[in-house]
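Worksheet: the structure to be examined is printed underneath.
The values are calculated or read from the model by the stated rules, or taken from the named source; none is laboratory data. Computed from a predicted model, the values in this text were never measured in an experiment. Cβ placement follows ideal geometry from the backbone for every residue including glycine, while neighbour counts extend to all protein chains displayed. Just the protein is used for accessible areas: all its heavy atoms, side chains included, with ligands, DNA and RNA removed. Shrake-Rupley method; radii C 1.70, N 1.55, O 1.52, S 1.80 Å.
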Amino acid sequence: MARAGLTTERLIRAGAELADEVGFDQVTISALARRFGVKVASLYSHLKSSQDLKTAIALFALEELADRVADALAGRAGKDALAAFADAYRGYAREHPGRYDAARLRLDPETAAASAGVRHAQMTRAILRGYDIAEPDQTHAVRMLGSVFHGYVSLEMSGGFSHTAVDPEESWSWIVDSLDAMLRDRTTP
């Protein structure tokens, strides 16, 4: 194993790259072993199963996305923060489609609570504090933003907007502007 230079971290990163190339659903221990030219059994000292690999890739992707969003949000508030968050999210999905799918993997509650998914929610709530939205509306708004961004990205990536004359960039800007206006209207009195 040492001669191949394999580590758990290297395998996870390679699995994430493989997910971007062939799709997250196609990532398995066998596919990863083929990529490194080693026997499947040699990977089991690093990963327990294909599900273990997928969970590790999901955690890796959540961390990468959280870092990207945090960098985009730095020093921003209000609509600027909302747009930066949205653009970072969409950009990550476009650049890393397999990792983006991995970030949607359903995690067990304990793993989810220890993941960067918590950071995503915290950053979304930080944006919403700029709109002065209190609970329970804040939770509704977190869910709405996630749903809108994920829905748009998913439709765009599957070619859902390729048959119309309106540029998807124009729609994206319109959506962010509309979300900003709606959130300003929901401000707690």
Could you check the range 1-48 and list, in sequence order, the residues that are of a type outside the set (Gly, Ala, Ser) and part of a loop (DSSP other than H, G, I, E, B)? 1, 6, 7, 27, 28, 38, 39, 44, 46, 47, 48
Note on residue 84: of the conditions (1) over 27 Å from residue 12 (Cβ atoms); (2) under 17 Å from the mean Cα position of the chain (by Cα); (3) in a loop (DSSP other than H, G, I, E, B), unmet is (3)
Would a scan of the range 99-110 turn up a residue that is open to solvent by less than 70 Å² (accessible area, probe 1.4 Å), of a type outside the set (A, V, I, L, M), out of contact with any Ser or Thr (no Cβ under 6 Å at 6 or more places or on another chain) and farther than 24 Å from residue 140 by Cα? yes
Do you know which of the residues in the range 124-139 that are open to solvent by 60 Å² or more (accessible area, probe 1.4 Å) and in a helix (DSSP H, G or I) is modelled with the highest pLDDT? 125
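Yes/no per residue for (1) open to solvent by 60 Å² or more (accessible area, probe 1.4 Å); (2) outside any helix (DSSP H, G or I); (3) in contact with a Pro (Cβ under 7 Å, 6 or more places away or on another chain):
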residue: 122; (1), (2), (3): yes, no, no
residue: 154; (1), (2), (3): no, no, no
residue: 160; (1), (2), (3): no, yes, no
residue: 163; (1), (2), (3): yes, yes, no
residue: 183; (1), (2), (3): no, no, no
Among the listed residues 52, 25, 20, 101, which satisfies the condition of being among the acidic types (Asp, Glu) and closer than 30 Å to residue 177 by Cβ? 101
